[in-house]
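Remarks on the structure that follows.
A short reminder: the numbers here are calculations on the coordinates, not readings from a lab. Values in this document were obtained by computation on a predicted structure and should not be read as measured data. Cβ placement follows ideal geometry from the backbone for every residue including glycine, while neighbour counts extend to all protein chains displayed.
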Amino acid sequence: MAGALADIMEAARKETAKRRLAISSVKRPEMEIISRAAIEGLIVPVLVGDGKAMEALVKKSALQSLEHEIVDVKDSGGSLRAAVALVREGRADMLMQGADGQKMFMNTVLDAKTGLLKDKLASYISVFQLPKSDKLILVTDTFVNNYPGVTEKQLILVHAIKLAGLLGIEAPKAAVLAAIEQVNPNIPSTLDAAILSKMAERGQFGNAVVEGPLDIDCALSHVAAARKGLKSDVTGNADIYLVPDIESGYLLAQSLVFLGKMEMAGVLMGMTKPVIINLPFVSRENRLVEIALASLL
Amino acid sequence: MIRSLDDVSRIAGEKGPKKLAVLAPEDDEFMLAVKRSWEAGYIEPVLIGNAEKMDELGQKVGFDISRFERIIENDRQRISDLGIGMLFSGKLSIVSKGQIPTAYVYRSIIRAEAKAASGMTVSVVSFWEIPGLGYLTAFTDTGVSIMPDYRTKVDILRNAVFLYHLLGYKKPRIVVISGQRKFGGTFDSHRDYKLLRKAADAGEFGECEIVDATSFTEIFLGPKGRLRDYRDIDLAKIPHIILVPRLDTGNIMCKLDFFLDVTRCSIAVTSRGAVCIPSRADFSDSIITELAMGVVVADRLEEEVR
């Protein structure tokens, strides 16, 4: 079971087959990251864009002496579409966002006809390494879905449970967060949480234990939960934190990074092939972990 | 300017004791906090709740409660109404929630504000002390408004700025948080940010500044920055007041003290004084700090009135 982000790197290194990673709009920062991933033996980079510019970048990088491929696409606006097409056609195994703008990249990969979306929705999971603890936690959805209803949250939770399984957590404990731990019909997040919790009780999430609604103190502390009269295996020991909406999830993920200085790597779920997005609050070091994580999917 | 919770404790000791109603001190952590706050000279408690439980807990924590005013009441809403009623009638300076769900307390406050025709929007400010920062930062509203609209956010922000002015911050910096990203459409919370910024520039909240950012990424990295090294994160960039878009967001954020190296202290702002809002899961050390903050706010309010 992965208890640290380093364990994810280690697990990816043990994967025998290197994955072909397509990336467009490569600039120096991306080149540094994919070069390191190639040195680690995780990937074979497939650089999509202006051939001469790509070659010039490669010559200045460690990739020069490593296996790689350049796909020449003259039209700068078309390089992302070409990279997505390579993945769709099976000529690459995963896609990484280069310097393309967030809006264009997300809209392209999530396009129902020409993108890489497999499920009814995609979701983003932030994987955090707890400080002073041999444990990873998954916080979701921290980037994609704005105000998911219970149907969407069901799928977001399924994605998180799937990732937890890949990380070796066989019976993950999920805390469905809300403002309070009691069901209040005026607070929609508490209703969604109660429904998901009941679905889990009926076995609809397999081995996962799902508890909600939980406020964050109950989710984080078994003692705090007990003082509020809550008894659950999830409190104080959750593997998955399902947030009510993006207003909470986006801020929570950034808070753990900036205020908690917790190491984080993210992954997009619900896609036909792994997609690595480029968020500014993921450190360069952890973008390497994201490549490793994607290669395990 | 009150820069830390140590400042709060020191001033509470100097300005106390103040009469404070405790709503249902029916848990040993709450009773212990009341005892220690009384011993520190912060408060003179009025205990409202179940007689047997209060007696039992008083004995358990070694606190002779027979010397204090006690109001025996078992009904949760009635306990809350009694305490808030005493605050609004001027019989005491502060109220603190005990082992009672917060919804009862907010209901009492909202009813009392309506009766007083104050026009006040009740909101909760949850202060954080972050070690080494040298000032208090706070999330609001962390307790009352589930999905506040623009007008409600104006009131929430006005309450928070008032509280910061009261604590000696001449021009608090504010971030209006929004979940809006570069993709995913436009958000009401982002529209509200723009409107609130205009209102602040027009002086609607008094002396304050709403910063040009709606996320921690923009605050800590700037509009086009990228995190390189965790050691580069400068916590001093965090503004004083963090206005959250929704109750879910506020409540989840403010109680991250169970996770992060911060200390929390929550106060509800009412037209008649402070109401301390410890979580029912809080421990006595944290509750004492909240009571001390209540004393300081009550003292500064009385000073304003004088």
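Only counting other Cβ atoms within 10 Å, I'd like A:VAL127, B:VAL105 sorted with the fewest neighbours first.
Details: A:VAL127 25, B:VAL105 30.
Ranked by crowding around the Cβ, least crowded first: A:VAL127, B:VAL105.
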Whose amide H sits under 5 Å from the amide H of B:ILE48, counting only residues 5 or more places off or on another chain, with H placed in the peptide plane?
B:VAL22, B:ALA24, B:ILE71
For chain A, take the longest principal axis of its alpha carbons; what is the angle in degrees between that and the long axis of helix A:28-39, to the nearest 10 within 0 to 90?
90
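Take peptide B:239-251, look around each residue's Cβ out to 10 angstrom, count Cβ atoms belonging to other protein chains, and average those counts. Kindly include the intermediate steps, with their values, before the conclusion.
Working: counts 0, 0, 0, 2, 0, 3, 5, 8, 8, 17, 11, 4, 10.
Mean shielding by partner chains, rounded to a whole number: 5.
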Counting only DSSP beta bridges with both residues in the protein assembly as shown, what percent are antiparallel, rounded to the nearest 5?
35
Per the rule of 0.36 nm per residue minus the C-alpha distance, extending B:LYS198 to B:LYS237 adds in nm 11.9 nm
Rank the residues A:LYS103, A:LYS18, B:LYS153 as a footprinting-exposure proxy: fewest other Cβ atoms within 10 Å of their Cβ go first.
A:LYS103, A:LYS18, B:LYS153
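Count, for each residue of A:259-268, the Cβ atoms from other chains sitting within 10 Å of its Cβ, then give me the mean as a whole number. Kindly include the intermediate steps, with their values, before the conclusion.
Values: counts 14, 6, 6, 3, 1, 1, 0, 0, 0, 0.
Whole-number average of other-chain Cβ neighbours for A:259-268 is 3.
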Which FRET efficiency value, to the nearest 0.05, is calculated for B:PHE283 and B:GLU39 with the Förster distance at 22 angstrom and r the Cβ-Cβ distance?
0.80
Calc'd 3J(HN,Hα), the range B:224-235, phi into Karplus 6.51 cos²θ - 1.76 cosθ + 1.60 (θ = phi - 60°), Hz, glycine/Pro = x, comes to 10, x, 9, 5, 9, 9, 4, 5, 7, 5, 9, 4
Rounded to the nearest 20 debye, dipole of the range A:123-258 from Cβ charges on Lys, Arg, Asp, Glu
240
Hey, can you grab everything whose amide H is under 5 Å from the amide H of B:LYS18? Only 5+ residues off in sequence or another chain; H modelled, so Pro and N-termini drop out.
B:ILE43, B:GLU44
Quick check for me: using +1 on Lys/Arg Cβ and -1 on Asp/Glu Cβ, what's the dipole size of chain A about its Cα centre, in debye to the nearest 20?
380
In degrees, nearest 10, range 0 to 90: what is the angle between the Cα axis of helix B:150-166 and the longest Cα principal axis of chain B?
70
Order of B:SER118, A:SER221 under a 10 Å beta carbon neighbour criterion, fewest first:
B:SER118, A:SER221
Principal-axis tilt of helix A:246-258 within chain A, Cα atoms, nearest 10 degrees:
70
Karplus-derived HN-Hα couplings along the range A:56-69 (A = 6.51, B = -1.76, C = 1.60, θ = phi - 60°), whole Hz, x at Gly and Pro
4, 5, 4, 4, 8, 10, 5, 5, 3, 9, 10, 4, 7, 9
Using 0.36 nm times the number of residues separating A:LEU166 and A:MET199, minus their current alpha carbon distance, what extension gain do you get?
9.7 nm
Let me check against my output: what whole-number percent is the relative contact order of chain B, with C-alpha pairs under 8 Å and at least 6 apart?
25
In whole angstrom, note down how far apart the Cα centers of the range B:77-127 and the range B:252-267 are.
22
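Rounded to the nearest 20 debye, what is the charge dipole size of the range B:121-270 about its Cα centre when +1 sits on each Lys and Arg Cβ and -1 on each Asp and Glu Cβ?
Working: 20 positive and 18 negative charges, 75 e Å.
For the range B:121-270, the charge dipole is close to 360 debye.
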Among DSSP bridges having both ends in chain A, what percentage is antiparallel? Round to the nearest 5.
30
Sparse-neighbourhood loop hits (trypsin sites (Lys or Arg not before Pro), the range A:214-297; DSSP loop; Cβ within 10 Å at most 12 others) -> A:LYS231
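Which shape class applies to the range A:33-149: rounded if a/c is under 1.5, otherwise prolate when a/b exceeds b/c and oblate if not, where a ≥ b ≥ c are the square roots of the Cα gyration tensor eigenvalues?
The shape class here is oblate.
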Just tell me which aspartates and glutamates come within less than 14 Å, Cα to Cα, of B:LYS53; anything on the same chain fewer than 8 places away is out.
B:GLU26, B:ASP27, B:ASP28, B:GLU29, B:ASP64, B:GLU73, B:ASP75
Computed ³J(HN,Hα) along the range B:254-262: with the Karplus parameters 6.51/-1.76/1.60, θ = phi - 60°, integer Hz and x for glycine or proline, the list is 5, 9, 5, 4, 6, 10, 9, 7, 9
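Among A:LYS273/B:LYS182; A:LYS60/A:LYS261; B:LYS18/B:LYS115; B:LYS182/B:LYS237; B:LYS198/B:LYS237; A:LYS113/A:LYS162, which pairs are too far apart, with a Cα-Cα distance over 29 Å? Working shown, then result.
On the way: A:LYS273/B:LYS182 23 Å; A:LYS60/A:LYS261 33 Å; B:LYS18/B:LYS115 25 Å; B:LYS182/B:LYS237 22 Å; B:LYS198/B:LYS237 22 Å; A:LYS113/A:LYS162 25 Å.
Correct reply: A:LYS60/A:LYS261.
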Taking beta carbons within 10 Å but only from partner chains, what does the mean come to for residues B:223-236?
4
